[in-house]
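One structure is given here, and the rest of the page talks about it.
The values are calculated or read from the model by the stated rules, or taken from the named source; none is laboratory data. Just so we're clear, the structure is a prediction, and the values are computed from it rather than from any experiment. Cβ atoms come from the backbone with ideal geometry, glycine included; neighbour counts cover every protein chain shown. These area figures cover heavy atoms from the full protein model, side chains too; ligands, DNA and RNA do not enter into them. Shrake-Rupley method; radii C 1.70, N 1.55, O 1.52, S 1.80 Å.
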Amino acid sequence: MATTIERSTTSGDGAPRPPRDYTRGSERPVGGFELWMWLFMRISGIVLLVLALGHTLIMHLPSGGVDRVDFGFVATRWASPFWRSWDWMLLTLALIHGINGLRNITLDYVRKPGTRFAANMVFYVLGFTLFVLGTIIVVTFDPSNWPPVA
Amino acid sequence: MASRLRKKQKDDFGTAYRGHEGQWSWMFHRITGVAVILFLFAHVVDTAVIGWGPEAYDRVTEAYKNPAVHVLELGLVLAVLYHSINGMKVTLIDFFPSLAGHIKVVGRTSAIVFVVSAAIVTGIMTKQIIDLL
């Protein structure tokens with residue numbers, strides 16, 4: 001895991017930075033893993049614009065918002081492979097996008113390498129656990145395990 | 001204002017932009033991003049409870065159906081909305097660098113899109129809160 005990050009205009013350990021050219025947009029990593037993550041954040045962001053914003057608007061705005069959500073609502077919704085796939089892709093992309101965002105924030109604010117490593121490991125383990133939990137539920141959920149009470 | 005912020009800033013650690021265009025949207029983007037990922041952690045768990053049956057799941061979703069939680073919910077929806085719109089602004093500028101020359105226009109357009117859509121969302125969700133009272 002790289003603890004340093006190459007940025008096009010950063011000079012590193014507290015040395016004065018060269019003046020930034022603000023007409024050139026935000027800093028982009030020069031190459032390697034960080035450049036791929038930079039690209040991933042933007043591509044997944046475009047997909048999440050549909051998946052996450054769509055999910056948020058659909059669930060919170062029409063006909064009473066989340067007040068209509070209960071077991072029956074989810075059972076009906078997940079009867080459709082379309083919504084199961086939507087939710088699983090949303091789970092996956094949002095976790096990676098969000099945890100990489102947290103990692104980026106630790107690069108800015110957590111300066112001790114050991115502390116930063118520990119913080120990032122907590123995020124990775126939590127993210128992976130939630131990914132596994134969410135995947136198991138969204139794939140295996142079967143409402144017929146709980147027949148309706150007569 | 002930009003120059004005042006620049007003078008005050010002895011160390012620019014953690015404050016890219018240093019008072020230039022984009023300083024505030026950069027900060028709001030971080031705050032809303034952290035808020036949304038923290039909610040996502042909780043939301044994966046509360047949704048996973050459905051694997052334990054209707055009784056357990058309905059007990060969990062019941063927690064979301066009260067006016068105080070609806071106020072937090074409005075905050076969450078606004079955070080997702082802001083992060084989406086500002087994220088698209090950032091992506092557009094990064095993929096079409098010539099837009100950076102019109103940063104003020106792009107920034108204001110994105111702010112206006114957010115304010116208008118936020119007003120609509122707030123209107124709809126405030127009605128839900130009032131209906132619950």
Has region B:97-109 got any residue that is open to solvent by less than 20 Å² (accessible area, probe 1.4 Å) and closer than 23 Å to B:A35 by Cβ? no
Restricting region A:63-87 to residues that are aliphatic (A, V, I, L, M) and either facing another protein chain (nearest Cβ under 9 Å) or within 17 Å of B:L76 (Cα to Cα) (or both), the one surrounded by the fewest Cβ atoms within 10 Å (Cβ to Cβ) turns out to be A:V66
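Let's see how each residue does on (1) under 22 Å from A:V50 (Cβ atoms); (2) outside any helix (DSSP H, G or I); (3) within 16 Å of the chain's Cα centre (by Cα); (4) not hydroxyl-bearing (S, T, Y):
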{"position": "A:F82", "(1), (2), (3), (4)": "yes, no, no, yes"}
{"position": "A:L91", "(1), (2), (3), (4)": "yes, no, yes, yes"}
{"position": "A:L95", "(1), (2), (3), (4)": "yes, no, yes, yes"}
{"position": "A:T106", "(1), (2), (3), (4)": "no, no, yes, no"}
{"position": "A:R116", "(1), (2), (3), (4)": "no, no, no, yes"}
{"position": "A:M121", "(1), (2), (3), (4)": "no, no, yes, yes"}
{"position": "A:F128", "(1), (2), (3), (4)": "no, no, yes, yes"}
{"position": "A:T135", "(1), (2), (3), (4)": "yes, no, yes, no"}
{"position": "A:V138", "(1), (2), (3), (4)": "yes, no, no, yes"}
Quick check on region B:71-80. Is at least one of its residues in contact with a helix residue (DSSP H, G or I) (Cβ under 8 Å, 6 or more places away or on another chain), small (G, A, S), more than 10 Å from chain A (Cβ to nearest Cβ) and within 23 Å of A:G98 (Cα to Cα)? yes
Scan region B:45-69 for residues that are over 14 Å from A:V74 (Cβ atoms) and within 8 Å of chain A (Cβ to nearest Cβ) and jot them down. B:V45, B:K65
Of the numbered conditions (1) farther than 21 Å from A:G65 by Cα; (2) surrounded by fewer than 18 Cβ atoms within 10 Å (Cβ to Cβ); (3) in contact with a helix residue (DSSP H, G or I) (Cβ under 8 Å, 6 or more places away or on another chain), B:W52 fails exactly one; give the number of that condition. (3)
Which of the residues that make up region A:95-123 are more than 7 Å from chain B (Cβ to nearest Cβ) and open to solvent by 70 Å² or more (accessible area, probe 1.4 Å)? A:I96, A:R111, A:K112, A:P113, A:T115, A:F117, A:M121, A:V122
Result of the Cβ filter at 6 Å on region B:15-29, keeping first residues that are under 13 Å from A:N104 (Cα atoms) and of a type outside the set (G, A, S) and partners that are modelled with pLDDT of 80 or more and not in a loop (DSSP other than H, G, I, E, B), at least 6 apart or interchain, is B:H29/B:N86
Quick check on this structure: which one of A:W38, A:W83 is farther than 18 Å from B:V45 by Cβ and modelled with pLDDT of 95 or more? A:W83
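Among B:V77, B:V36, B:V45, which is the only one that is over 29 Å from B:T109 (Cβ atoms) and either open to solvent by 40 Å² or more (accessible area, probe 1.4 Å) or out of contact with any strand residue (DSSP E or B) (no Cβ under 7 Å at 6 or more places or on another chain) (or both)?
Numbers: B:V77 fails: over 29 Å from B:T109 (Cβ atoms); B:V36 fails: over 29 Å from B:T109 (Cβ atoms).
Selected residue: B:V45, the only one of B:V77, B:V36, B:V45 that is over 29 Å from B:T109 (Cβ atoms) and either open to solvent by 40 Å² or more (accessible area, probe 1.4 Å) or out of contact with any strand residue (DSSP E or B) (no Cβ under 7 Å at 6 or more places or on another chain) (or both).
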Looking at region B:73-90, can you tell me whether even one residue there is β-branched (V, I, T) and touching a residue at least 60 places away in the same chain (Cβ under 8 Å)? yes
It is to be established whether one or more residues within region A:50-62 are farther than 30 Å from B:I124 by Cα, in contact (Cβ under 8 Å) with a residue 12 or more places away in the chain and either out of contact with any strand residue (DSSP E or B) (no Cβ under 8 Å at 6 or more places or on another chain) or open to solvent by 50 Å² or more (accessible area, probe 1.4 Å) (or both). no
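Table: residues versus (1) at pLDDT 55 or above; (2) of a type in the set (A, V, I, L, M, F, W, C); (3) assigned to a helix (DSSP H, G or I).
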site	(1), (2), (3)
B:D12	no, no, no
B:E21	yes, no, no
B:W26	yes, yes, yes
B:A35	yes, yes, yes
Restricting attention to region B:105-115, does a residue exist that is more than 19 Å from the chain's Cα centre (by Cα) and more than 7 Å from chain A (Cβ to nearest Cβ)? yes
